Amino acid sequence: MKIRVREHYRAALFNSTESRAKEMDMNKNSDSMNGFRVLKDVMVSMTDGTGLATDVWIPNGGPAPTLVVRLPYGKDVIQNYAVGIYPGVFDLLEAGYAVVYQDCRGRYRSDGEFAAFVDEKSDGLDTTNWVTEQPWCDGNVGGFGASYLGATQWATASQSPASLKAIAPSVASADQYRAPIHSDGGALSWHLVLWWGITMAVTKAQNDLVNGDGNLDTITALATMAADPKSGLSKLPTSDQQILTDYIPWWREFLDHADRDDYWQSISVSDDYGTVTAPALNVGGWFDIFASANTRAYTRMKTAGGSSEAREGQRLIMGPWDHLSYDGVYHDRQFGITASAAASNLPSAYIGFFDRWLRGNQNAPAPFAPVRIFVMGIDQWRDEQDWPLPDTRYVEYFLSSGGHANTAAGNGRLDTVPVSADLSDTFTYDPLDPVPSVGGRLLLPVALNAAGPVDQQSVEARDDVLCYTTGVLDKPVEVTGEISLVLHIASSAVDTDFTGKLVDVFPDGRAIYLTDGILRTRYRTSLSDPEMLEPGQVYEVTLDLSVTSNVFLPGHQIRLEVSSSNFPRYDRNTNSGGVISQDSAENIVVATNRVLHGPKHPSRMILPIIER
């Protein structure tokens with residue numbers, strides 16, 4: 001039954017019966033399109049002989065510049081052909097581009113074994129070379145796509161194929177350790193790793209069953225995990241997810257490589273942007289898991305790209321979006337009718353970008369400046385010439401208190417004037433009772449009020465959350481750029497975490513999430529060479545709180561939350577100093593953590609202030 005349903009869907013979609021490498025004409029002329037044809041399931045041979053299933057959409061009228069999308073989620077899904085955060089296939093056909101969709105190695109209709117990120121560099125290069133040689137390609141190749149589809153573009157671009165003229169990775173990363181699997185501070189992005197692993201396993205099990213290789217018991221067990229991931233998220237050790245380890249062995253590699261070691265360096269592009277010669281259109285969201293990755297790629301490529309075209313052709317667009325929602329509408333915060341990807345005219349930005357680099361059209365319409373950002377607070381799009389903004393002024397906001405910054409009702413203060421007294425705030429971090437993730441950079445649907453700018457008042461009522469707040473603002477304060485937090489800390493444990501979160505406090509009391517970060521203290525000096533703490537010793541550490549753009553309006557307050565957990569966004573540090581993913585409840589150490597502030601220990605948040 002599954003096979004008949006699937007084939008009926010494919011026949012309805014393409015008006016054709018199933019066949020390998022079948023060519024179909026879509027010459028239904030209209031005012032907007034002069035016809036096209038589709039090659040289905042062409043098996044493109046990689047260097048090692050593995051065949052990857054590939055669909056080609058070809059506009060009539062001779063060889064065309066070609067855009068390649070390589071994905072692990074199924075090239076046949078209807079979402080590929082609709083408009084979202086990037087143009088749909090029909091927009092691109094109408095603009096005169098051929099479009100190639102390819103199932104990644106070992107996924108859906110492609111041969112081989114899938115190992116996340118591992119083969120994308122070589123397979124991307126082989127595919128680009130194959131496309132370039134086809135009679136329907138004019139020798140100019142580009143790429144587009146979101147998330148993993150963006151990672152495959154960076155991987156391909158790192159191999160410097162001469163025909164690759166531009167890429168457009170949206171909500172994506174060139175360094176899979178820093179995002180999405182771990183973080184800039186070394187903690188594991190636990191919710192994403194487990195949730196994505198489950199969904200990848202479910203689709204693999206379904207595909208195996210269709211092909212006669214799977215069984216219903218596996219699908220039932222995985223579907224149960226997908227329906228209620230809480231039990232898997234809270235399980236200790238975190239690596240005790242046997243069905244995932246057995247069914248998709250690559251998943252366990254994420255946990256076993258907690259340091260940014262050779263495993264991660266071999267699949268990263270960010271260590272050598274000099275190999276990337278293609279310009280990139282980077283599209284991201286302030287509440288997306290890849291927010292920093294998008295802005296970092298733009299900044300690094302501007303200085304380290306492998307060609308003048310790559311360096312000068314970088315573009316960046318950042319909206320008020322998370323990883324799955326692009327309309328700017330959230331339960332606790334709505335950003336207005338212009339906030340959505342559709343309203344911001346993103347498809348024309350892509351097509352203008354491709355026209356410039358794949359067609360060599362110097363006069364291609366450029367609807368946006370090099371940088372286009374949505375400034376929250378005033379809820380407006382704004383064009384800029386660079387990132388960070390050239391007129392950024394970095395201002396230190398110093399932490400202070402009367403010794404009890406615990407909860408929003410405590411006496412924690414945040415001020416631009418250095419404090420005169422040396423004091424500290426203390427809290428207990430128990431890994432069995434972590435601070436819950438409320439909104440922020442999660443993958444859960446917005447409909448569950450689980451992602452994006454969610455009210456943090458429930459979190460700020462906990463005694464293990466320190467809150468430092470400015471006075472009520474009498475004039476607007478714009479914070480746009482990269483945010484860092486310098487803390488002077490001490491712990492009773494040999495290893496622990498510290499978190500920081502920037503919050504916009506509204507006059508009605510809502511404490512709306514803007515951005516956050518975490519540091520696993522064993523990685524305070526290096527992500528690849530961990531070093532434990534000396535219990536009780538004071539250390540100065542720096543947390544990367546990612547990026548945002550927000551105007552704190554008059555009547556609002558700026559707040560910083562500091563704690564030691566944000567679960568399940570990140571995994572819990574067991575504080576033992578051992579291998580965290582293998583620690584059971586018996587290994588857990590409860591830590592007493594301190595944040596020191598004052599003349600001797602100037603803990604401070606550094607905000608990028610824009611004054612115009």
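Data overview
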quantity	calculated
Label of the coordinate-derived value, Cα extents along the principal axes in Å, listed as (i) 113, 63, 54; (ii) 81, 53, 53; (iii) 76, 56, 41	(iii)
Model label zone, Asp433; criterion: amide N under 13 Å from point 7 Å along Cα-to-beta-carbon; scope segment 564-602	590-591
Solvent-accessible heavy-atom area per residue, rounded to whole Å², over the chain at 1.4 Å	37 Å²
Per-selection metrics, segment 102-186 (Cα): Rg and Dmax in Å	13.5, 48
Antiparallel bridges, percent of DSSP beta bridges restricted to the chain (to nearest 5)	75 percent
Apportionment of accessible area to carbon and sulfur, the chain, percent (1.4 Å)	51 percent
Label-to-label distance, nm, for residues given as Asn211 and Glu309 (7 Å Cα→Cβ offset)	3.7 nm
Amide H within-cut-off set for Asn282, under 5 Å, with H built and near neighbours excluded	Arg315, Leu316, Ile317
3J(HN,Hα) from dihedral phi, segment 490-495, Karplus parametrisation 6.51/-1.76/1.60, rounded to Hz, x for glycine, proline	8, 9, 7, 9, 7, 7
Sequence-separation-based contact order of segment 378-460, relative, with Cα cut under 8 Å and 6+ spacing, percent	19 percent
Share, in percent, of DSSP beta bridges within segment 39-181 that are antiparallel, nearest 5	35 percent
Alpha-carbon centroids, segment 570-612 and segment 468-491: separation in whole Å	17 Å
Long-range amide H partners of Ser484 with built H, under 5 Å	Leu545, Ile606
In degrees, nearest ten, helix 216-227 long axis to first principal axis of the chain (Cα)	40 degrees
Amide H partners (placed H, <5 Å) of Trp381, local residues excluded	Val375
Helix-only CD estimate at 222 nm, as mean residue ellipticity for the chain, using -39500 (n - 2.57) per DSSP H run (n ≥ 4)	-6500 deg cm²/dmol
Glu253-Ser458 FRET efficiency (beta carbon distance; Förster radius 35 Å; 0.05 resolution)	0.50
Projected label distance in nm at Glu586 and Ser526, using a 7 Å step from Cα toward the beta-carbon	3.4 nm
For segment 123-129, 3J(HN,Hα) per residue [Karplus equation, 6.51 cos²θ - 1.76 cosθ + 1.60, θ = phi - 60°, Hz, x = Gly/Pro]	5, x, 5, 4, 5, 4, 5
25 Å Cα cut-off, lysine pairs counted over the chain (separation 8 or more, or different chains)	24
Relative contact order computed over the chain (Cα-Cα under 8 Å; 6+ residues apart), in percent	13 percent
Helix axis angle, 291-304 relative to the chain longest principal axis, alpha carbon, degrees	70 degrees
FRET efficiency estimate (nearest 0.05) - Cβ-Cβ, Glu396 to Gln362, R0 60 angstrom	0.85
Förster-model FRET efficiency, 25 Å R0, Val329 and Phe90, C-beta, rounded to 0.05	0.45
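The values are calculated or read from the model by the stated rules, or taken from the named source; none is laboratory data. All values reported here derive from a predicted model rather than from experimental measurement. We place every Cβ from the backbone using ideal geometry, glycine too, and count neighbours over all the protein chains shown. Surface areas here come from the heavy atoms of the whole protein model, side chains and all, with no ligands, DNA or RNA. Shrake-Rupley method; radii C 1.70, N 1.55, O 1.52, S 1.80 Å.
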